[in-house]
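Visitor: I am attaching a structure below and will ask some questions about it afterwards.
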Amino acid sequence: MPVDIPKDLITELASAERVVVLTGAGVSAESGVPTFREAHTGLWSQYDPRELATPQAFARNPRLVWEWYEWRRSLIQNAKPNRAHYALVDLEQALPTFLLVTQNIDGLHWLAGSRDMIELHGNIARTKCFEEGHAVTWWAETDEIPPRCPYCGGPLRPDVVWFGEGISEQSLRTATDAAAACDLFVCIGTSAVVHPASQLPLIAKRMGARVIEINTEQTAISVMADWSILGKSGEILPHLVREVGFPTTAIDGAAQ
Ligand code: OAD
């Protein structure tokens, strides 16, 4: 599908000094990872994620929550980064100052090669102790679900942020400071409804940055964005990198 990107957007990105990108589940959709809202097809469709992704849900039924995340891990384990992920790696390499803030927990940005990044909501591949909160990389395999922490015996849980839980202060401070200092903020593949990530484009805008949104639908921030580009991030981002004239090393490398 031809991608129509306004010329003034190209000029803005080409001359940007400090860029912050916020991604959501839409960036991973073309890798076959269901977006957050679609993630409950089939077996789990009868559950509301707000009834699963909370500490209370885990305390009430740890087995159900652990198995839900095992199911989501199974959806992700064969997923590969798509052209949107690689285009963001090329942007990181080309721009003077760049920070990627992702709400995604699938690890695909890291796999594609992004390094100046913050996983605001954690990473589903990591596990931690429910009681003590420390990371756990090994535990005795038994029939018990969820498995137990080898240090304190408490149940293990995925290292992701649940509804009602706080985000790491350091991650949030870094993301907020970067949004306040950037001259261009790019929102990609997020419904922009979950706090505090949804505040970042507003902070950037308030501090004088221009805002670009790339999404397949209008969202809560479309009205305040300087450019709202409708379409798939896997098609728009590689085209954008080429139009700006930045090297497409990561995009081309992935295509081989
Ligand atoms: P959502 O599922 O709420 O929104 C995904 C967005 O991506 C929607 O606006 C879609 O229109 C858009 N989209 C879908 N396919 C796309 C594509 N190919 N290209 C561009 N956009 C596309 O997911 P998030 O906004 O990421 O937290 O949800 C935010 C947070 O809510 C998640 O991180 C999750 C939940 O609390 C955790 O799981 C910890």
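Visitor: Among ILE105, SER28, ILE212, pick out the residue whose Cα is farthest towards the positive end of the charge dipole of the chain, where Lys and Arg carry +1 and Asp and Glu carry -1 on C-beta, about the Cα centre.
Guide: The one lying farthest along the dipole's positive direction is ILE105.
Visitor: Take every DSSP beta bridge with both residues inside the stretch 108-256 and express the antiparallel ones as a percent of the total, to the nearest 5.
Guide: Given both bridge residues lie in the stretch 108-256, the antiparallel proportion sits at roughly 45 percent.
Visitor: Solvent-accessible area of HIS121, probe 1.4 Å, all protein chains present, reported in Å² to the nearest ten, please.
Guide: 30 Å²
Visitor: Using Cβ-Cβ distances only, list the Cys residues of the chain with no partner cysteine under 4.7 Å, sorted by number.
Guide: Taking the Cβ cut-off of 4.7 Å, the unpaired cysteines of the chain are CYS152, CYS182, CYS187.
Visitor: When the label point is put 7 Å from the Cα of VAL194 along its Cα-to-beta-carbon vector, which residues of the stretch 109-144 have a backbone N closer than 19 Å?
Guide: 109-111, 117-128, by backbone N distance to the label point.
Visitor: I want the antiparallel fraction of DSSP beta bridges within the chain, as a percent rounded to 5.
Guide: Bridges in the chain that DSSP calls antiparallel: roughly 25 percent.
Visitor: Further question on the same structure: Counting each DSSP H run of 4 or more residues in the chain as -39500 (n - 2.57), what helix-only mean residue ellipticity at 222 nm follows after dividing by all residues, to the nearest 500 deg cm²/dmol?
Guide: After summing the helix terms and dividing by residue count, I get -10000 deg cm²/dmol.
Visitor: On to the next question. With every protein chain left in place and a probe of 1.4 Å, what is the accessible surface of ARG63, to the nearest 10 Å²?
Guide: Taking all protein chains as shown, ARG63 has close to 120 Å².
Visitor: Please report the relative contact order for the chain, taking Cα pairs under 8 Å with a sequence separation of at least 6, and give it as a percent rounded to a whole number.
Guide: The normalised contact order for the chain reaches 25 percent.
Visitor: Working out 0.36 nm times the residue gap between GLU169 and LYS80, then minus their Cα-Cα distance, what length gain in nm do you get to one decimal?
Guide: Residue separation times 0.36 nm, minus the Cα-Cα distance, leaves 29.0 nm.
Visitor: To the nearest 10 square angstrom, what accessible area does MET117 show with a 1.4 Å probe?
Guide: Probe radius 1.4 Å; accessible area of MET117 about 40 Å².
Visitor: First select every other residue whose beta carbon is under 10 angstrom from the beta carbon of ARG210; then total the charges, Lys and Arg +1, Asp and Glu -1.
Guide: Net charge in that neighbourhood comes out at -3.
Visitor: When DSSP beta bridges are limited to those with both residues in the stretch 71-179, what percentage is antiparallel, rounded to the nearest 5?
Guide: 70 percent
Visitor: Now for a different question. Please state the relative contact order of the stretch 81-199 as a whole percent: Cα pairs under 8 Å, 6+ residues apart?
Guide: RCO, the stretch 81-199: 19 percent.
Visitor: Expressed in nm to one decimal, what extension gain is obtained for the pair THR142 and ASP8 from 0.36 nm per residue of sequence separation less their Cα-Cα distance?
Guide: Stretched fully, the THR142-ASP8 segment lengthens by 42.3 nm.
Visitor: In degrees from 0 to 90, rounded to the nearest 10, what is the angle of the helix 169-181 Cα long axis to the longest principal axis of the chain?
Guide: With rounding to tens, the tilt is 10 degrees.
Visitor: Next question. Treating only the Cβ atoms of Lys and Arg (+1) and Asp and Glu (-1) as charged, compute the dipole magnitude of the stretch 3-104 about its Cα centre; round to the nearest 20 debye.
Guide: Dipole about the Cα centre, nearest 20: 420 debye.
Visitor: With a 1.4 Å probe and all protein chains kept in place, how do LYS128, LYS232, LYS205, LYS80 rank by accessible area, largest first?
Guide: LYS80, LYS232, LYS205, LYS128
Visitor: Quick one: dipole size for the chain, taken about the Cα centre, charges +1 on Lys/Arg Cβ and -1 on Asp/Glu Cβ, in debye to the nearest 20.
Guide: With Lys and Arg at +1 and Asp and Glu at -1, about 160 debye.
Visitor: Which one, TRP139, SER191, ALA178, is farthest towards the positive end of the dipole of the stretch 122-256 when Lys and Arg carry +1 and Asp and Glu -1 on their Cβ?
Guide: Ranked along the dipole, the leading option is ALA178.
The values are calculated or read from the model by the stated rules, or taken from the named source; none is laboratory data. Owing to the predicted nature of the structure, the values given are computational and were not obtained by experimental measurement. Positions of Cβ are backbone-derived with ideal geometry, glycine not excepted, and every protein chain shown enters the neighbour counts. The area values use the complete protein model at the heavy-atom level, side chains included, leaving out ligands, DNA and RNA. Shrake-Rupley method; radii C 1.70, N 1.55, O 1.52, S 1.80 Å.
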